[in-house]
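The values are calculated or read from the model by the stated rules, or taken from the named source; none is laboratory data. Bear in mind the structure is a predicted one, so any value in this text is a computation, not a measurement. Note that we place each Cβ from the backbone using ideal geometry, even for glycine, and neighbour counts take in every protein chain shown. Quick note on the areas: whole protein, heavy atoms, side chains included, nothing else; ligands and nucleic acids left out. Shrake-Rupley method; radii C 1.70, N 1.55, O 1.52, S 1.80 Å.
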Amino acid sequence: MKITIERAELLAAVGHAQSVVERRNTIPILANVLISADESNATFRATDLDVEVVDRANAVVERAGATTVNAVTLHEIVRKLPDGSTVSLTEDGASGRLSVSAGRSNFSLATLPKEDFPEMASQDYQSEFSLPAGALKRLFDKSEFAISTEETRYYLNGVYLHVADANGKVLRAVATDGHRLARIDAELPMGAEDMPGVIVPRKTVRELKKLLADEEAVIGVAVSDTKIRFRAERLTLTSKVIDGSFPDYTRVIPTANSKTLEVDAKDFSRAVGLVATVSSERSRAVKMKLDEDRLVLSVNAPDAGQAEDELAVAYDDEPLEIGFNAKYLEEIAAQVDRENAVFLFNSPGDPALVREGGDETAVYVVMPMRV
Amino acid sequence: MLSHPELFTLSVAHMDCDAFYASVEKRDEPSLRDKPVIVGGGRRGVVTTACYIARIRGVRSAMPMFQALRLCPEAVIVKPSFPKYVEASRAIRTMMDDMTPAIEPLSLDEAFLDLGGTARLHGAPPAVTLCRLLNRMEGELGLSGSVGLSHNKFLAKLASDLDKPRGFSVIGAAETERVLAPLPVAKIWGAGPVMQGRLEKAGVRTFADLRRWDPRDLAARFGSGGERLADLSRGIDRRAVKPDRAAKSISNETTFTEDTADPEVLDGHIWRMADKVAGRAKAKGLAGRVVMLKLKRANHALLTRRVTLPAPTQLADAIYRHARALFDETPQDGPYRLLGVGIAEIVPEALADRTGDLLDPAAPRRAAAERATDAIRARFGETAIQKGRALR
């Protein structure tokens, strides 16, 4: 194999590969990126057996072939090469080395046989559809914060992507850790009606961001009961989905909360962050005290101090005092893109519902905290 | 029985087990009883503990093993087995816990105790309560100890060493100076070789020598430590007995009478251990952010699993559920001989169980039921009300 490739192009491809490989893995080949060149293309493939990323890069192929080399090492080399250089990758098959050269810099890297490289079996997908990257990005970006890290409820360690009914069918992403929940809807793409509901793991959600950077691009999505594949122009991400059933979230979304608070999302987020500063506890409780058009946020940490801040808000129900984990409030407020966040309360012991203005396509639920 | 005019007013004690490791070994292997026993070896090849028979021959702690064997060639050398010592130490600690909450352990085999204000509770003055401790240790554990009783920690520790083994020494306020005067300053707890060298240079060998110094001169010569020396030379020590630092974890374990792989039986054990841990956490006003499960296989291989919770808990229900989930994740390759449940990353209870779980709406009801159970137990006793699974 012999290919010549622009440094920037190579850096992007190897960058994707090195973020997928497991750094602590015990199977050596999984630390490697598979580089293969046919007549017109060079592809870079990496996997941790749960996620696989394939990047098709622009390269001049002088001799077809394939080999595998440590992804992190190659990435480090390419990263340190001067911008604008041209890199050639040569493997003669006999030496078991890949030579990397750019200008007067030369490297010779150990390889492992390409035959040993595991490929995630391409299989029959039940449903294939495409949608704009921006829509897909919104689904995952707004739900990611609520993904659980609790291992005992592994089925919460991802985003539940499925088709749901909300005045017509929608493509919906739901994530929850039991303390907060995010439910984000997008228009249902053509061909997605029969999509099976799948739980997309946290790591995949994170890797997916690179694929969705260009919001104008169109992403092809293919779903089966066990895998999901996202395909952009040059990048393809295939992932196993979490084998488990996502709990029935619909019954935990309150429908009868009537006490409505409307507050500027940025002011609110800033005030929560400000009062929370006095406490160093991991689960800091912020008390919200609501009176007519007035919200007082306070933190009382017996051994650290007290803080209070007041905001002008829209609220005209009976006075209410309710506590929340400061981090949960900040994270939800950060999701609100519009000016106003709308909170709907019932009692100090019941979960609160949060919306972005009047938008029904992004709904958050947060459990209160005893204060 | 000893008598002393201040016996009923002194309350600060130091308890030191006699040749602790060697005594545990002799207790567990009666054939060693009349032989000189040296516990040690290991990596560094020094004496960890020598029994009193070996000590008669001149063997001392921290002595290189070859030297010890030269002094006492027929000694039996036993490698230290710490789990046994920890177990014995815990048993003694439990006995002390029955006497006073003010216990400051210094190591596995010694601790300070403040028995002030416990006379009415025990219906006996501290001296008698301490004698009962020594008797219980001999009777129930087969281990002997020595006690020093005085009016502060420094003198209590000094006293426990005066009459070892099986000693009981008292230093009252009235005779403090008389007892101290002839003792070498090497007895000052915490004065290492460097300090002793400096004292010797200053012509100080005994406490009497030290007393002749003006406290201001001592301070000038020895810095901040000089003030303390002046105090100690007069038997003054203002440090209080500090109960051990906050618990790092709370756990309970049980060794089964018969090894078992039966999930039903093990589930019963998980519940009972979780219930006990929760009881102790509640009693101390603490909660934990981590739940731990420990299993020992029949071949003694140890398995431990832990999980960090989103929020701390002190509820038996939550501890049980997480421990049970850990158990379910563990490959079922019993039989097991021991099971333990614990909590770690301890925080005050005010921080616990404050946020409900959206996906477990029944949790508040179970928590309320547990609190009600606690109230019933507090009134009618531990066994007044139990869960069915506790009987498995």
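Please find, within region A:49-102, the residue that is farthest from residue A:13 (Cα to Cα) out of those that are open to solvent by less than 70 Å² (accessible area, probe 1.4 Å) and free of Cβ contacts under 8 Å to residues at least 24 places away in the same chain. Among those residues, the one meeting the criterion is A:95. Has region A:255-263 got any residue that is in contact with a strand residue (DSSP E or B) (Cβ under 6 Å, 6 or more places away or on another chain), in contact (Cβ under 8 Å) with a residue 40 or more places away in the chain and over 27 Å from residue B:361 (Cα atoms)? Yes; the residues of region A:255-263 include at least one that is in contact with a strand residue (DSSP E or B) (Cβ under 6 Å, 6 or more places away or on another chain), in contact (Cβ under 8 Å) with a residue 40 or more places away in the chain and over 27 Å from residue B:361 (Cα atoms).
Taken together, B:334, B:268 contain a single residue that is open to solvent by less than 40 Å² (accessible area, probe 1.4 Å), away from chain A (no Cβ under 14 Å), touching a strand residue (DSSP E or B) at 6+ places or on another chain (Cβ under 9 Å) and over 22 Å from residue A:150 (Cβ atoms), which is B:334.
Only one of the numbered conditions (1) assigned to a helix (DSSP H, G or I); (2) within 22 Å of residue B:241 (Cα to Cα) is not met by residue B:200, and that is (2).
Yes/no per residue for (1) open to solvent by less than 30 Å² (accessible area, probe 1.4 Å); (2) touching a residue at least 40 places away in the same chain (Cβ under 8 Å):
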residue: B:186; (1), (2): no, no
residue: B:199; (1), (2): yes, no
residue: B:207; (1), (2): yes, no
residue: B:213; (1), (2): no, no
residue: B:217; (1), (2): no, no
residue: B:221; (1), (2): no, no
residue: B:227; (1), (2): no, no
residue: B:238; (1), (2): no, yes
residue: B:242; (1), (2): no, yes
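Listed by position, the helices (runs of 4 or more DSSP H) inside region B:1-74 whose residues that are polar (S, T, N, Q), more than 29 Å from residue B:176 (Cα to Cα) and in contact (Cβ under 8 Å) with a residue 24 or more places away in the chain number at least 1 are B:20-28. Could you tell me whether region A:247-259 includes any residue that is crowded, with 18+ Cβ neighbours inside 10 Å, within 14 Å of chain B (Cβ to nearest Cβ) and over 30 Å from residue A:211 (Cβ atoms)? So far as region A:247-259 goes, yes, one or more of its residues are crowded, with 18+ Cβ neighbours inside 10 Å, within 14 Å of chain B (Cβ to nearest Cβ) and over 30 Å from residue A:211 (Cβ atoms). Those strands (runs of 3 or more DSSP E) of region A:102-189 in which at least 1 residues are touching a Lys or Arg at 6+ places or on another chain (Cβ under 6 Å) and either closer than 19 Å to residue A:215 by Cβ or in the same structural domain as residue A:334 (by TED's automatic domain parsing) (or both), considering only elements entirely within it, cover A:180-187. Considering only residues that are more than 9 Å from chain A (Cβ to nearest Cβ) and either open to solvent by 60 Å² or more (accessible area, probe 1.4 Å) or in a strand (DSSP E or B) (or both), look in region B:349-367 and name the one that is farthest from residue A:248 (Cα to Cα). Taking the candidates together, the pick is B:349. Return yes when residue B:261 is of a type in the set (A, V, I, L, M, F, W, C) and farther than 30 Å from residue B:96 by Cβ and no when it is not. So residue B:261 passes the test. Within region A:154-169, being within 14 Å of another protein chain (Cβ to nearest Cβ) and open to solvent by 30 Å² or more (accessible area, probe 1.4 Å) holds for A:154, A:155, A:157, A:160. Exactly one residue among B:133, B:162, B:183, B:199 is at pLDDT 90 or above and either closer than 17 Å to residue B:14 by Cβ or hydrophobic (A, V, I, L, M, F, W, C) (or both), and that residue is B:133.
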